[in-house]
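Contents: one structure, followed by commentary.
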Amino acid sequence: MDTMIKTPVADSAPRIARERPLKIKARNVDVYYGEKHAINDLSIDIPDSAVSAFIGPSGCGKSTFLRSINRMNDTIPSCRVTGNIEIDGRDIYDRTLDVVQLRARIGMVFQKPNPFPKSIYENVAYGPRIHGFARNKTDLEEIVVTSLKKAGLFEEVKDRLDHSGTSLSGGQQQRLCIARAIAVNPEVILMDEPCSALDPIATARIEELIDELRQNFCIVIVTHSMQQAARVSQLTAFFHLGNLVEVGDTDDIFTAPKDKRTQDYITGRFG
Amino acid sequence: MTDTAISAAPRRVSDNAALVAKRYRSERRFKLYGIAAIAVTAVFLVLLFADILVKGLPAFFEHRMMLPVSVSQEAIDPQNSKDPKIIRTGDFDGPIRESFRAMFPDVTSRGDRKKLLGLLSSGAADDFRAMVVNNPSLIGTDAKVPVLLSDDADQYLKGRQTGVAKIAGQGTITASADGEKFKLVTDKTPVLTAGDIVRLNGGAFRVVSADNGAYLAEQVTAPKSLDPANAGAWDIVRFTVTEHNRRIDDQEALWLEQLKEKGVAENGIAWRFFSSGDSREPELAGIRGALTGSILTLLVTLFLCLPIGVAAAIYLEEFAPKNRLTQLIEVNINNLAAVPSIVFGLLGLAMFLNFFGLPRSAPLVGGLVLALLVLPTIIIASRAALRAVPPSIKEAALGVGASHQQAIFHHVLPLAMPGIMTGTIIGMAHALGETAPLLMIGMVAFIVDIPGGFTDAATALPIQIYLWSDLPEIAFQSKTAGAIIVLLVFLFVMNAAAILLRKRFERRW
């Protein structure tokens, strides 16, 4: 079985993957959009309590794979996923698994900040409310405040929780989205280029936040910025044309890439 | 064998004045076409509205006389029972006639008296009756009663029958009998023309032929005497429309002029236009029946269309698998929106009346038919509104673990609601103005009663307009335009609400 797996596991696995418990295990994953083969035979191990970054040129399949992890691709009718993705040893494409609960366990932050056009409070409270987390109003309030604090947004918005979430600045909106995601206490947070629509200062704040959140969550981030990947992640995976070319400790990938394509990409020769 | 393209000078954008001028000319021309098109449209629109307003505004007013009427105990409630049922059966016609006749003591002949009373509306006594029934303390007193004039008298006083000019007499005029006719002689330069009415000594003469200071005239009402009348004691009434071409003859017109001079006739707001149903008497006819019919019909339409339309839109947009069948349904919904409305009427006739046996002329059936008509509009508008909500909102909801249905009902639908409401209001406005399908299910009828329920016989506002426009009385022409104004006001209000809704809740992401 192991001979079929192209990515290294066990002894050859990255240090971080050996140090931390395994959270997400993908084996031989193929994703098709209709006729288009978007991801080709991908296998990867993603450790818990660490930030894993997916890098690669546009259209390489990194976002596609990210969206396969919480089955967001299910919403695209032509999309088909084969292979095996496990979270804590449980196959997420198992027919008996409830996709809605899965998505509650795997939070997602999108490229463009997408707060609900409701109040800041309602934005964060929505998830806990539909999942019945809070027994009463005080309970819910506590969850909202804690989440906003964890997302480093509370101090800025504590006086205007009833203001619309869309009235915040771009960076604040993105932190609100992160607060919304962690309000349901997920195990994994997927971030799809969370800083691409933000200015450098807002980006720095989000990166700090990601670094803090790493203690409690398994974070997977897709980014176009190699500096960002180098700054925030411990594990880096390089995608190219639907293939997972190389995966390793971030330090290794950026200092001593094994594959020529990785080297070309990180040195800016293409991409 | 050198390449000619290389040897030729490279092409650049040069300062080609002719080309630039041509482009400017073309742009100016296009702008001009646009302005011309808008101007033509605006002119027609203004003409249309001006015409409707000029014709229709008088329909909101009516002429009444405040007549002193003695409300006699004997004629109305001889036993002093104060029972509305008995009061209702009392004689209300007589006192009004009495009072009106008293204003014209000179009118004695039977024919003239009948003509005089013809100026009163047949509904005058009903108004008086209602007044006394509502206020029985009037019995035994002398009351000031507003007495409605007939439609022709009303139209005359509104100046819609003929223009009228009154000229004070200059110098002395003498009338003398000349066979059947009378000779009028003035000592001033000729002022009379044929058709003029000369009023002197309480009588009136119509000038038949004018011949320099000596005029031949026929008597309209007999004068008290044939004494010469000095300046100020006689006058000339000149109508712009000859007697044959109006529904009020000279004598009636003179009576009405007297009413005007006495200040008894007043022009008040015709609340009955809004409070009464249709009538054969134009001055009594109102739009309440039609308006109620329209409202009942639209209620049925709304309660059917909104849930079904929105549900269909949500299903097709968000849940239905994208396959041949849903594509076919989609195409057919679009086709349905283009089906002529009369076809829906025929469908309604065949299905709801003939097959299901629902009552004819009922707002229920009208609403069902209009629902069929409006449904495609609402589905299309709702789908567009749902599609306009950015997918990122739905993704955000799915991302925190909301189910597809929760994401749609908690987030997408509320955001699409303004768009859906806009579409619905425009659809309703469309239904309000729709006439043809209602003709087919029998809502075109002369219905006096105000419909009290969804299965009562009713008509609708546009149909009332259609019915009135067919009637010969000028007063009904005015009512037609008045009803059109009401319909347009409703449509404007609905469209304004739709625009406001869109502006108010418009979001930019």
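How much of the DSSP bridge set in chain A is antiparallel, in percent, rounded to the nearest 5?
Expressed as a percentage, antiparallel bridges in chain A total about 60.
Counting only protein heavy atoms and using a 1.4 Å probe, what share of the accessible area of chain B belongs to carbon plus sulfur, as a whole percent?
Of the solvent-accessible surface of chain B, carbon and sulfur hold 61 percent.
What is the pair-distance distribution P(r) of chain B, computed from all Cα-Cα distances in 10 Å bins starting at 0, with each bin given as a whole percent?
3, 13, 16, 16, 15, 12, 10, 7, 4, 2, 1, 0, 0
Buried accessible area between B and A (1.4 Å probe, both chains summed, ligands and nucleic acids excluded), in Å² to the nearest 100?
About 1600 Å² of accessible surface is lost on pairing.
Give the share of C-alpha pairs in each 10 angstrom bin for the stretch B:293-372, from 0 to the last occupied bin, in whole percents, shortest bins first.
In whole percents, the pair-distance histogram is 18, 39, 31, 12, 0.
Sum -39500 (n - 2.57) across every DSSP H segment of at least 4 residues in chain A, then divide by the residue count to get the 222 nm mean residue ellipticity, nearest 500.
Per the formula, -10000 deg cm²/dmol.
Label-point separation (nm) for A:D162 and B:S137, each offset 7 Å from Cα along Cα-to-Cβ?
Reported label-point gap for A:D162 and B:S137 is 5.2 nm.
For B:K55, go through the lysines and keep the ones whose alpha-carbon is under 19 Å away, minus same-chain ones fewer than eight residues off.
Qualifying lysines at Cα under 19 Å: B:K158, B:K479.
Given an 8 Å cut-off on Cα distances and at least 6 residues of separation, report the relative contact order of chain B as a percent.
Taking the mean separation of contacting Cα pairs over the length of chain B, I get 15 percent.
If each DSSP helix of 4+ residues adds -39,500 (n - 2.57) and the sum is divided by the residues in chain B, what number results at 222 nm, nearest 500 deg cm²/dmol?
Rounded to the nearest 500, the figure is -16500 deg cm²/dmol.
Over 48 Å apart: what share of the alpha carbon pairs of the protein assembly as shown falls there, rounded to a whole percent?
53
What order, most packed first, do the peptides A:63-70, B:330-337, B:278-285 have when packing is the mean number of other Cβ atoms within 10 Å of each residue?
A:63-70, B:278-285, B:330-337
Measure out, as a whole number of angstrom, how far apart the alpha-carbon centroids of the stretch B:200-275 and the stretch A:140-168 sit.
84
Enter the Cα centre distance for the pair the stretch A:235-271 and the stretch A:66-126, rounded to the nearest angstrom.
A separation of 27 Å, based on Cα centres.
Along the stretch B:360-374, what does the Karplus equation 6.51 cos²θ - 1.76 cosθ + 1.60 (θ = phi - 60°) give for ³J(HN,Hα), rounded to whole Hz, x for Gly and Pro?
6, 6, 8, x, 4, 5, x, x, 4, 5, 5, 4, 4, 5, 8
Using all Cα-Cα distances in the stretch A:197-267, what percent lands in each 5 angstrom bin from 0 up to the longest?
Going out from 0 Å in 5 Å bins, the stretch A:197-267 shows 3, 15, 27, 23, 16, 13, 4 percent.
Only Cα pairs under 8 Å and at least 6 apart count here; give the relative contact order of chain A as a rounded whole percent.
27
Counting partner chain Cβ atoms within 10 Å of every residue's Cβ in A:106-117, what's the average?
4
Using the heavy atoms of the protein chains alone and a 1.4 angstrom probe, what is the accessible area of chain A per residue in square angstrom?
With all protein chains present, chain A gives 44 Å² per residue.
The stretch B:398-449 to the stretch B:95-165: how many Å between their Cα centroids?
Comparing the Cα centres of the stretch B:398-449 and the stretch B:95-165, I get a distance of 49 Å.
Given axes a ≥ b ≥ c from the Cα gyration tensor, I'd like to know whether the stretch B:177-243 is rounded (a/c under 1.5), prolate (a/b larger than b/c) or oblate.
Rounded, because the longest to shortest axis ratio a/c is under 1.5.
Could you name the lysines in cross-link range of B:K394, using Cα to Cα under 20 Å and dropping any fewer than eight places away on the same chain?
Hits, sequence-local ones excluded: A:K112, A:K118, B:K322.
Kirkwood hydrodynamic radius, chain A, all distinct C-alpha pairs: what's the number in Å?
19.1
State to the nearest 20 debye the size of the charge dipole of the stretch B:60-157 about its Cα centre, where the only charges are +1 on K and R beta carbons and -1 on D and E beta carbons.
The dipole magnitude comes to about 140 debye.
So how do B:309-316, B:95-102 stack up, highest first, on mean other-Cβ count within 10 Å?
Final packing ranking: B:309-316, B:95-102.
Nearest 20 debye, what's the magnitude of the dipole of chain A about its Cα centre given +1 on Lys and Arg Cβ and -1 on Asp and Glu Cβ?
About 400 debye.
Under 1.5 on a/c is rounded, so check that first for the stretch B:60-157, then, if it is not, pick prolate when a/b is larger than b/c and oblate when it is not; a ≥ b ≥ c are the square roots of the alpha carbon gyration tensor eigenvalues.
Since a/c reaches 1.5 and a/b is larger than b/c, the shape of the stretch B:60-157 is classed as prolate.
Please report the carbon-and-sulfur percent of the accessible area for the stretch A:161-211; probe 1.4 Å, protein heavy atoms only, DNA, RNA and ligands left out.
Here it works out to 51 percent.
Would you mind giving the mean number of other chain beta-carbons within 10 Å of the Cβ of each residue in B:402-415, as a whole number?
Rounded to a whole number, the mean comes out at 3.
Given charges of +1 on the Cβ of Lys and Arg and -1 on the Cβ of Asp and Glu, with all other atoms neutral, how large is the dipole of chain B about its Cα centre, in debye to the nearest 20?
It works out to roughly 2400 debye.
I need the shape label for the stretch A:122-249. Rule: rounded when a/c is under 1.5, else prolate if a/b > b/c, else oblate, with a, b, c from the alpha carbon gyration tensor.
Judged from the Cα gyration tensor, the stretch A:122-249 comes out prolate (a/c at least 1.5, a/b above b/c).
Tell me the per residue accessible area of chain B using a 1.4 Å probe; a whole number in Å² is fine.
Each residue of chain B exposes 52 Å² on average to a 1.4 Å probe.
The values are calculated or read from the model by the stated rules, or taken from the named source; none is laboratory data. The model shown is predicted, which means the values in this text are computed figures rather than measured ones. For neighbour counting, all protein chains shown are included, and Cβ atoms are generated from backbone atoms with ideal geometry for every residue, glycine included. When the accessible area is computed, the model is the full protein with side chains, heavy atoms only, and any ligands, DNA or RNA have been set aside. Shrake-Rupley method; radii C 1.70, N 1.55, O 1.52, S 1.80 Å.
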